[in-house]
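First the structure, which I've put down as structure tokens, then a few questions once you've had a look.
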Amino acid sequence: MLLQANKVTEHIKFFVEMERDRNIAERISEILDGVKKLSEKENLKFRYYKDFKSQEATLENIENSVPVDPDNYGIVANESNLRNFKNFF
């Protein structure tokens with residue numbers, strides 16, 4: 001896990017890489033609960049892969065964004081790249 005904090009903007013950024021399985025959304029939620037406790041922040045957002053747009057860090061959003069198997073990973077990565085390219089121009 002990589003953690004970066006900015007005192008000026010009060011933003012905390014962290015990167016987590018873990019094995020994908022059917023429980024990945026719950027495991028990410030557990031990590032987020034720990035970050036909430038440590039940072040004393042209630043509302044967290046996340047971005048999956050290289051997406052430019054952040055989402056509220058809810059279990060539902062995580063389940064809808066993070067693929068649970070390697071086959072879907074490529075699809076999600078390509079969709080993210082296309083969205084970013086479309087929104088860039």
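Each value in this text was obtained by applying a stated rule to the coordinates, not by laboratory testing. Note that the coordinates shown come from a computational prediction; the quantities given were computed from them, not determined experimentally. Cβ atoms come from the backbone with ideal geometry, glycine included; neighbour counts cover every protein chain shown.
Once the other residues with Cβ under 14 Å from the Cβ of residue 19 are scored (Lys, Arg +1; Asp, Glu -1), what is the net sum?
Overall, the nearby charge balance is -1.
So what are the ³J(HN,Hα) numbers for segment 60-73, from phi and the Karplus equation (6.51, -1.76, 1.60; θ = phi - 60°), rounded to whole Hz, Gly and Pro as x?
Each residue's phi maps through the Karplus curve to give 4, 5, 5, 4, 7, 9, 9, x, 9, 9, x, 4, 7, 4 Hz.
I would also like to ask the following. Return the long-range amide H neighbours of residue 57 (sequence gap of 5 or more, or a different chain), with a cut-off of under 5 Å between placed amide H atoms.
Under 5 Å from the amide H of residue 57 lie the amide H atoms of 44, 45, 46, each far enough along the sequence or on another chain.
Separate question: Taking θ as phi - 60°, what are the ³J(HN,Hα) couplings along segment 29-40 by the Karplus curve (6.51, -1.76, 1.60), each to the nearest whole Hz, with x for Gly and Pro?
In residue order, the calculated couplings are 4, 5, 4, 5, 4, x, 5, 4, 5, 5, 8, 6 Hz.
Read phi for every residue in segment 14-22 and hand back ³J(HN,Hα) as whole Hz from Karplus 6.51 cos²θ - 1.76 cosθ + 1.60, θ = phi - 60°, with x for Gly and Pro.
9, 10, 10, 10, 8, 5, 8, 8, 5
Kindly rank 56-67, 37-48 from highest to lowest mean number of other beta carbons found within 10 Å of each residue.
56-67, 37-48
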